[in-house]
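K.L.:
Below is the structure I would like to discuss, written out as structure tokens.
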Amino acid sequence: MHFKRFLLLFILPTLALALSGCIYLRLLEVKYQLSAFDGYVKIENHGGLSFIFLKPILLKEDLLFLAKRHPTKTEESLYATRWQYLFLKQPQGREKEHGDFNVTVDLLFQNNRLSTVTFPERFFENLPEPFIIASLKALGRSEINVKGLFAYSDVHGKDLLESLNIPRKQDVLKLLGRPTGEEKEDNLLVLTYRYRLKHGEPDEKKGPAYGWTKLTFRVPSEDLLRAEARFAMVRLSMDFRNQATDDHTATVALLPEAFPGP
């Protein structure tokens, strides 16, 4: 009896590790597709900023593993499944903000694989398409450490970011509205946006899930120097130097970690 119990305790973690390893192999394939962007990903604007994967890789269970939460809303049909994650912006104080600055992320699955990711249309309107493509290519050029569960890339401006219009503070305010928090230090301005995921029915008994975006600008030029975002096991960060120099770089990191608190 003790031997069977010991064997079970050994086999279950091993199977879990093997299954999670498959997820990271698929993430490696997605990374490759992003690096060869033109042949695998298409950008469209039909009522929102859509990324269409021409050869889908990720499965529904991969997204649930990374998000640690079910979608806010699900729609099933014979040939496709639509998920929507609704992130409710957390206000700064009690003052009401004009306009809808919540963030919806719509996911379309075909044959159980993620084929399209769509953000609100204001993302297409306020983020230059070359900047979006360059950022995704940078993520595709990252090095993924499967054992350490992280990805990191250092992409030089001459490779991807030369002559791009990196968003400035006024672009971000149009895109995300007033920040939840604001800090000034020397010649830096840091704007923080916090969001709460509106839970779906399967997660009704779970506690709230939060995410955040942090943007660092140079003062007084209002140039974007750093952008970070985090939700569940995913953390992204990008660093920019002054585009006026030849050695400016962008850095993208994907760091799966424990689920964050508020």
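FYI, it's all coordinate maths here, none of it is from the lab. Because the structure is a prediction, the values reported are computed rather than measured.
K.L.:
List the lysines whose Cα lies under 21 Å from the Cα of residue 206, skipping any in the same chain that are fewer than 8 positions away.
P.N.:
Reachable lysines: 60, 68, 73, 89, 198.
K.L.:
My understanding is that a pair violates if its Cα-Cα distance is over 31 Å; which of 169/205; 42/169; 55/169; 137/205; 42/214 do that in this structure?
P.N.:
With Cα atoms farther than 31 Å apart: 169/205; 55/169; 137/205.
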